[in-house]
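All remarks here apply to the structure that follows.
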Amino acid sequence: MRIVLLGAPGSGKGTQAKLLVEKYKIPQMSTGDLLRAEVAAGTDLGKRAKAAMDAGQLVTDEIVLGMIQARLAKPDAKSGFILDGFPRNIPQAQSLDAMLARLGQPLQLALLVDVDTDVLLKRLTGRRTCGSCGAIYNIYFSAPKTANKCDKCSSALTHRSDDNEQTVANRLKVYQQQTAPLVNYYKAQGKLRTVRGVGAVSAIFKNVTDIIESQIRPLADVMGKIESAAARQAAKAKAAAVAKAAAAKAASKVAKAPPKAKAVIPATKPKPLAKKAMPKKAAVKKAAPKAKPKKAHKPVPKAKKVK
Ligand SMILES: [Zn+2]
């Protein structure tokens, strides 16, 4: 299955991606991870990416797409992938579509994890982390028993600087401007499905897998049937031999058929029509499709003359 996950920062799509990886045994491809891996491996793409970053520039779409393509070529991506964090805008989506089309692996599903903006703001700005044990809280949804104190180790909780309201509001604005239009892009392709990203993680994941089962599995089943049909080629060959024999029998019957048709039709039709030419035409019409054999050809010119 080939899936793109869409959703605002704080939508929880990363969590859903991890659950999908576990359930379906397909890799999650996030551009950040790909970038780090390529740079660490010192590949050509990695070097170009590093050079761009060192120069304070953005890594180009071309490099990112190259990394995705390289990742797709690995064996574990044979049965699909989950793209998370890419594409982020329409041009990237178009480039991705073009690349996947070249590979003969078009996207099957764009899954939007939809969460209202006020909830996103609370999720992102309410986050508090324990500096000692790493426990995570949210002052709106999962507050510690004592304000700013870790339930587990009583250490002070910290508020990450990129979780402040200004930064969060800015991230959401960028998402709205650049990534939200992708929803319409994939909707136009008939590939968009939406799941509400509120409530228990497990309940959201149930909805996600329901969508996948109904969207992608039927396709996969059809493909599987085609493949197993190909594997049963030997059986088919036998069936074909039987069919040939049947066809030969049918052909011999057809060869005998024309005289019967001629015998039947003149018996009924001449009475109302009275003309002698008409029965011949009727006989030709009925006999011709069945009887490619010699006898059918002779009456045809006569029928034309009648017209
Ligand atoms: Zn703690």
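Length gain on complete extension for the stretch Arg171 to Ile211, per 0.36 nm per residue less the alpha carbon to alpha carbon distance?
11.6 nm
With 19 Å as the limit, write out which pairs from Lys25/Lys206; Lys122/Lys187; Lys47/Lys78; Lys18/Lys122; Lys25/Lys78 have Cα-Cα distances beyond it, or answer none. Before the final figure, lay out the partial values.
Values: Lys25/Lys206 17 Å; Lys122/Lys187 28 Å; Lys47/Lys78 26 Å; Lys18/Lys122 23 Å; Lys25/Lys78 11 Å.
As for pairs spanning more than 19 Å Cα to Cα, those are Lys122/Lys187; Lys47/Lys78; Lys18/Lys122.
Which net charge results when you count Lys and Arg as +1 and Asp and Glu as -1 among the other residues whose beta-carbon is under 14 Å from that of Lys152? Numbers along the way, then the final one.
Details: positive: Arg128, Lys145, Lys149; negative: Asp151.
Here the charged neighbours net out to +2.
Ranked highest first by the average count of other Cβ atoms within 10 Å around their residues, in what order do 138-150, 50-62 fall? All intermediate terms of the calculation are to be shown ahead of the outcome.
Values: 138-150: 13.8, 50-62: 11.8.
Peptide ranking by packing, descending: 138-150, 50-62.
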Open item on the list: Please compute the length gained on full extension between Ala188 and Arg36, using 0.36 nm multiplied by the number of residues separating them and subtracting their Cα-Cα distance.
Closed with: 51.4 nm
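Let me know the shape class of the stretch 140-215, please: from the alpha-carbon gyration tensor, a ≥ b ≥ c as square roots of the eigenvalues, rounded when a/c is under 1.5, otherwise prolate if a/b is greater than b/c, or oblate. Mind dumping the intermediate values first?
Details: a/c = 4.75, a/b = 1.62, b/c = 2.93.
Because a/c hits 1.5 or more and a/b fails to exceed b/c, the stretch 140-215 counts as oblate.
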TODO: For Lys50 and Ala229, calculate 0.36 nm times their separation in residues minus their Cα-Cα distance, and state this gained length in nm to one decimal.
DONE: 59.6 nm
Task: Per-peptide average of other Cβ atoms within 10 Å, ordering 156-167, 175-186 highest first - done: 175-186, 156-167
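Using a ≥ b ≥ c from the Cα gyration tensor of the stretch 1-99 (square roots of the eigenvalues), is it rounded, prolate or oblate, where a/c under 1.5 gives rounded and otherwise the larger of a/b and b/c decides, a/b for prolate? Present the calculation step by step, with values, prior to reporting the outcome.
Details: a/c = 1.67, a/b = 1.41, b/c = 1.19.
It comes out prolate by the Cα gyration axes.
Could you size up the charge dipole of the stretch 113-192 around its Cα centre, putting +1 on the beta carbon of Lys and Arg and -1 on that of Asp and Glu, and report it in debye to the nearest 20? If you can, show how the numbers build up before the last one.
Details: 12 positive and 7 negative charges, 33 e Å.
Magnitude of the dipole: close to 160 debye.
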Open item on the list: Spelling out what I want: for every residue of the stretch 102-118, take phi, set θ = phi - 60°, compute 6.51 cos²θ - 1.76 cosθ + 1.60 (Karplus), and round to whole Hz; glycine and proline get x.
Closed with: 4, 7, x, 10, x, 4, 9, 7, 10, 9, 9, 8, 9, 9, 5, 4, 5
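All of the numbers you see were taken from the coordinates with simple rules; none came from a lab. Everything quoted here is computed from the prediction, not taken from an experiment. So basically every Cβ, Gly included, is an ideal-geometry build from the backbone, and we count neighbours across all protein chains shown.
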